[in-house]
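Step one of this worksheet: look at the structure below.
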Amino acid sequence: MATPSDLERLASIPLDSFEHTDSRNLFEKCERFHAYASSVRELGAFQVQYRIELLGPLDARITVRDAFTGDVKEMICFDSNSYLGLHLDPRVNEAVKKAVDDVGFGTPSAQVLGGTNRYLRALEDRLSELHKREETLIYPSGYQANVGILTALMDPGDLAVVDHVSHASIHDGVRYAGCRSMEFPYRDVDALDALLAEHREEVNGVLIVTDGMFSMHGGLADLPGLRRVADAHDARLMIDDAHSLGVIGPTGLGIEEHYDLEGAVDVLMGTFSKAPGAAGGYVSGDSALIEYLRFMSRGALFTATLPAPTCAGVLESIRIMHEEPEHRERLWANARRFHAGARAAGLEVPELESPIVAIQVGDEKWLIPLAFALYEAGVKCGIARYPAVPHHHSILRFTMNARHTEADIDHTLEVLASLWAQLGIG
């Protein structure tokens, strides 16, 4: 198994170093990465981070089989995005089963050809009602939604201005769109304002794009500031609010409700892969926007429809999260408990704005050894290192959910504090 020096060496190799090659052999970079992955696999570290086999549901506690040792173990897990645990609610699963019996497990056609199944139509209508928008368009995934929206909306003469730490699907969508693009620092609306003051007259349309709740860092976008800057420079505002539905706002309706700014977002994107506990993405907006995207967004037009049973499950998840606030209250109680305990242990964490608690590790040399030691101690959490975050700003990402117990949280904090001291981080 891996030694601390082995893990420190692995941490020094950034994954983006395998992305490009000057070789005439198209697969040269694949072969180099395979050699790297094989060395990581031999040490057992590849399995710990990337290839754990789940033997049951993804939950606050998981049962896994390690591909390296074959051992089966139970772990406390902080990697589920199902914030409310609704993917395991019997009522949700019953709704899915009923839809399977009704129409089968898949919907194997594009909407424009095979029509819109009634479960998907009902889900579109419900989302439009919740977000107080005229229409909603549903995509098979959140990634596909962002790429599909941006490639349809943006032309070469337009400008997309993107928060630097926004989700990869936003950056990819902007790149694929072929428009001009610029980035502004994390949540820095003053820098955004300065960029647009300098460059607005050089372009046609402008779209400001950002996460609502940032998936790695856990912070919230400054929606009042973003709206102010957009209005000042005749720009439109798009927010990826994937992590917010069911989580923030007095009734869990996301970033607009949190700031009491109904209708402030021009292009409101969300997903079903977080609190609703499924898969899929959507965009809500006025009829002109959605009608255009329905026919011009290739990510929605040239793809199979989101399966009807998934739509049925999401509808039931949304009903539960809207009618039973106790799930959200447990989620936030757990987040507050973990955040307070981490600070009491002397760990560096930002202010609590969401159920994502990002512990600042700093130098990459500590990150993989720490994550490996946590795994050995029965705790699974996410890691982020360059290029996902800047050099020397690596983080451990703990995502709370409503199904964690106080004992899960307290035990994890004890283990984390002990390992932090043993490794001499700092």
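Bear in mind these aren't lab numbers, they're just calculated from the coordinates by the rules spelled out. Only a predicted model underlies this, so the values are computations on that prediction, with no experimental measurement involved. For neighbour counting, all protein chains shown are included, and Cβ atoms are generated from backbone atoms with ideal geometry for every residue, glycine included.
Measuring spread by the Cα atoms of the stretch 243-347 yields a radius of gyration and Dmax of 16.9, 53 Å. Convex hull of alpha carbon positions in the stretch 89-323: directionally averaged projected area 11.8 nm².
Qualifying chymotrypsin sites (Phe, Trp or Tyr not before Pro) in the stretch 220-322, where qualification requires a DSSP coil assignment and no more than 11 other C-beta atoms within 10 Å, comprise PHE302. Per-residue Karplus couplings for the stretch 210-222, computed as 6.51 cos²θ - 1.76 cosθ + 1.60 with θ equal to phi - 60°, are listed in order as 7, 5, x, 10, 6, 5, 8, 8, x, x, 9, 5, 7 Hz, Gly and Pro entered as x.
Among ASP363, ASP240, the ranking by other beta carbons within 10 Å of each residue's beta carbon, starting with the fewest, stands as ASP363, ASP240. Axis of helix 287-296 versus longest Cα principal axis of the chain: the two differ by about 70°, to the nearest ten degrees.
Please say if the stretch 81-160 is rounded, prolate or oblate, where rounded means a/c under 1.5 for a ≥ b ≥ c the square roots of the C-alpha gyration tensor eigenvalues, and otherwise the choice is prolate for a/b larger than b/c and oblate otherwise? Judged from the Cα gyration tensor, the stretch 81-160 comes out prolate (a/c at least 1.5, a/b above b/c). Note that the stretch 278-426 shows a convex hull volume over its alpha carbon atoms of 175 Å³ per residue. Scoring 342-349, 246-253 by mean Cβ neighbours within 10 Å over their residues and listing the highest first yields 246-253, 342-349.
If you take the Cα Rg of the chain and divide it by 2.2 N^0.38 Å, with N the number of residues, what do you get? Could you put the intermediate results ahead of the total?
Details: Rg = 22.0 Å, N = 426, 2.2 N^0.38 = 22.0 Å.
Ratio of Cα Rg to 2.2 N^0.38 Å: 1.00.
Set the Cα radius of gyration of the stretch 114-179 against 2.2 N^0.38 Å, with N its number of residues, and you get 1.32. Using R0 = 25 Å, the C-beta based FRET efficiency linking ARG200 and ASP286 works out to 0.60. The C-alpha atoms of the chain define a longest principal axis, and helix 90-103 lies at about 50 degrees to it.
Which number gives the lysine pairs in the chain that have C-alpha atoms under 22 Å apart and are eight or more places apart or on different chains? Walk me through the numbers before you get to the answer.
Working: LYS73/LYS380; LYS97/LYS274; LYS132/LYS274; LYS274/LYS380; LYS365/LYS380.
Summing the qualifying lysine pairs gives 5.
The C-alpha atoms of the chain define a longest principal axis, and helix 189-199 lies at about 50 degrees to it.
Per-residue Karplus couplings for the stretch 383-391, computed as 6.51 cos²θ - 1.76 cosθ + 1.60 with θ equal to phi - 60°, are listed in order as 10, 9, 9, 3, x, 5, 9, x, 3 Hz, Gly and Pro entered as x. Between the stretch 66-88 and the stretch 357-426, the alpha-carbon centres lie 15 Å apart. Database remark: amide H of VAL206 closer than 5 angstrom to the amide H of LEU159, ARG236 (H placed geometrically; neighbours at sequence offset of 5 or more, or on other chains; Pro and chain starts carry no H).
Grab the DSSP H runs of the chain that are 4 residues or longer, score each as -39,500 (n - 2.57), total them, divide by all residues and round the 222 nm result to the nearest 500 deg cm²/dmol. Could the numbers behind the result be given before it?
Working: 17 runs with 189 residues, N = 426.
It comes out at -13500 deg cm²/dmol, rounded to the nearest 500.
Please give me, ordered by residue number, the chymotrypsin sites (Phe, Trp or Tyr not before Pro) of the stretch 82-158 that lie in loop per DSSP and have at most 15 other Cβ atoms within 10 Å.
Details: sites: TYR83, PHE105, TYR119, TYR143; in loops: TYR83, PHE105.
Here the chymotrypsin sites (Phe, Trp or Tyr not before Pro) that fit, given the DSSP loop and packing criteria, are PHE105.
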